[in-house]
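Only the coordinates and a few stated rules stand behind these numbers; no lab work does. Note that the coordinates shown come from a computational prediction; the quantities given were computed from them, not determined experimentally. Using ideal geometry, Cβ is built from the backbone for each residue, glycine included, and neighbour counts are taken over all protein chains shown.
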């Protein structure tokens, strides 16, 4: 059977001393290292969380900035289109006015040319009539030949 003697007491005391020594010199430094590691990990996790929050805020700012730029771009494009339309209308109006001026000038020039040609034709007709009147006064018998000559000249002048 089991005897209770002093050896058992020394063995129990020895185990208790070993337990305290191992606990003091082995487990305590290991637990300290483990707790420092846990603190470092928690610190890094907090830093990562802060960085992630900052990145999300920066992303929101960039998104807002990009939206602002897009709206400014759209406004600039709209303004440029309006300016281009205004300039187009102005140029088109000027071109129409110039075209009307050119057409009017051409019409006036054509009327002047027509008046000049009509005046010249009238002058030639008067000249032919005067010649015919002078010849008819000079010779009475040649009226029929003179009339034919007049018609020939008038036809040539009119054909021109």
Subject >> Rg and Dmax [Cα atoms of the chain; Å; Rg one decimal, Dmax integer] >> reply: 61.5, 194
Original post:
What is the extension gain from residue 32 to residue 47, computed as 0.36 nm multiplied by their sequence separation minus the C-alpha to C-alpha distance, in nm to one decimal?
Top reply: 3.2 nm
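Using only the Cα atoms of the range 73-145, construct the convex hull and provide its projected area averaged over every direction, in square nanometres to one decimal. Each step should come with its number before you reach the end.
Values: hull surface 26.2 nm².
Mean projected area of the Cα convex hull: 6.5 nm².
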**OP:** Obtain the nm distance between the two label points defined at residue 116 and residue 133 by a simple spin-label model: each point lies 7 Å from its Cα along the Cα-to-C-beta direction.
**Re:** 2.8 nm
Original post:
How many nm separate the modelled label positions at residue 7 and residue 126, each set 7 Å beyond the Cα in the direction of the Cβ?
Top reply: 17.1 nm
